[in-house]
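Some notes on the structure that comes next.
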Ligand code: PEP
Ligand code: MG
């Protein structure tokens, strides 16, 4: 049966391929009742999953790397003990037999009971073991869902594969980097969530907020995904398929043509030079940065080095990653942001406990609360400044005391490197992200103490309009053209230009063609975006005459009616 679903377009392009359903990594499962005659089969299914999980542990033990620490054995032993706990290995069988429910539901319910028991422990160490319970239950659940281990399914190279998921965390998605999936779709998520940002950096079409795609699409269904319009067509007829194949080749041809602009300078028609930089998550992304002609890295989201792993990167590993980026870009600027963990990017083994993670211990707040981790990163960053044009960027600043504390921390780290005779760039530039309205409104003090500023529009909009950027239910309210947002942007850019502090935009607005002229009109001269978008933005810059757009930009800023703002913006872009 053919049908169409509409979601939120987050990464352009057209993909045609077969569906590959993947499961949610958390214990979110369906609940259904089975007829009595299927209960024995359901219990057998649970037993098979249990056995497969035990075998998985056995194979982990026998393939244990020789250099693995003793903790590895202890960890395995603990997880095996948890698996053998009657609440996980026996109670679900009984529940299936008594309540005629599906095995996944029985497992989830019993896991919650076990987690609640751990919660009662006085001893903090034992209490923390609830994370291990969840990990073991997830392993078992993946067996039940027919997806062993923590392996991602291999991409099939004979046909294009489109990943269909209820939800994908940024950590899930970054694992797809080396694979060649054609596109991604999810039921939940917003346009500027980190999952969407990673999809753009993979340069694959992606649509989020499709609500029920994971339920409605079946494995291997033929799909067309239009990442520009946010449309998913399931099992299209021949005519529609032919039409989209044509659109797909036209789109690819356009991209190829745009790439010819790679080495052209991004000058406006009146001769103003505009810097177009790229956002990256890993040093390997530099290949694409160069292919697309970006002239620097405006935002290296260093926290992606910390995701999807059970141990954290040490100083040497981080140093190598930062040095590789610095050297990879020759003398071009590389702005590395200190890790922005918390919010929707969590370390393995930590759970979201805050009611409002976006308002909680995130970014610089998290760094200052974890000085050991922060010190390791700061040492690695400072050491890397010796090998190229590295600048350090502090995320999510909200108060001066936070800024002072951070600057003191950097000074102390420099001193320890001095004491050890380790070289670094003594003039390293320290910048701050303006992404909280409080920082935007109290801009002068940040501008005075920092060498440069970078506007994170994704968060600035989230915090100004009180809209969770990861929540598709409120995604329609996420509005970069809201007069409050426009006033903040014009204020930040104007103030920085007046007092001579370099400013850029590194949020998703910088990579959206619709806003290029508006931002240029506000006085922005430096943009940072996902690499693949650099050629399109360059083309827009090349066709813009700054004196000509000045008055229209001011009119947009004075307008307060949303329709009027959109009408004026359309004129600006025509
Ligand atoms: C932003 O908030 O705009 C930004 C660039 O940072 P991130 O998207 O990583 O929060
Ligand atoms: Mg941000």
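Here are the numbers for this structure:
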item: Calculated log₁₀ intensity ratio I(q)/I(0) where the Debye formula runs over C-alpha points of the chain, q = 0.06, 0.10 Å⁻¹; result: -0.34, -0.94
item: Overall Cα dimensions of segment 215-275 - principal axes, largest extent first, Å; result: 52, 25, 17
item: 20 Å cut-off, amide nitrogen to a point 7 angstrom out along residue 386 Cα→Cβ, residues in segment 398-424; result: 410-424
item: At R0 = 30 Å, FRET efficiency that the Cβ-Cβ distance of residue 291 and residue 2 yields, to 0.05; result: 0.20
item: Helical mean residue ellipticity (222 nm; -39500 (n - 2.57) per DSSP H run of 4+; nearest 500) of the chain; result: -14500 deg cm²/dmol
item: Protection proxy ranking, peptides 338-347, 437-446, 244-253, 193-202, average beta carbon neighbours within 10 Å, highest first; result: 193-202, 338-347, 437-446, 244-253
item: Pairwise label distance in nanometres, residue 375 with residue 132, each label 7 Å out on the Cα-Cβ vector; result: 2.8 nm
item: Förster radius 30 Å - calculated FRET efficiency between residue 311 and residue 47 (Cβ-Cβ, nearest 0.05); result: 0.35
item: Efficiency of FRET from Cβ geometry, residue 33 and residue 250, R₀ 51 Å, rounded to 0.05; result: 0.55
item: Cα-based Rg / Dmax (Å) for segment 374-500; result: 16.9, 54
item: Equivalent ellipsoid semi-axes - Cα gyration tensor, segment 172-228, angstrom; result: 18, 14, 10
item: Nearest 10 degrees, 0 to 90: helix 103-119 Cα axis against the chain principal axis; result: 80 degrees
item: Degrees between helix 39-62 axis and first principal axis of the chain (Cα, 0 to 90, nearest 10); result: 70 degrees
item: Between helix 70-84 and the chain: long-axis angle, C-alpha atoms, 0 to 90°, nearest 10; result: 50 degrees
item: Backbone N within segment 310-324 under 20 Å of label point (7 Å from residue 419 Cα along the Cβ vector); result: 315-316
item: DSSP-defined beta bridges in the chain - what % are antiparallel, rounded to 5; result: 35 percent
item: Alpha carbon centroid spacing (whole Å) that separates segment 509-550 from segment 320-343; result: 24 Å
item: Listed peptides 363-372, 379-388 by packing density, highest first (mean Cβ within 10 Å); result: 379-388, 363-372
item: By average C-beta atoms within 10 angstrom, highest first, the peptides 468-481, 561-574; result: 468-481, 561-574
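Quick note: the coordinates plus some simple rules give every number you see, no bench work behind them. Owing to the predicted nature of the structure, the values given are computational and were not obtained by experimental measurement. Please note: Cβ atoms are built from the backbone with ideal geometry, for glycine as well, and neighbour counts cover all protein chains shown.
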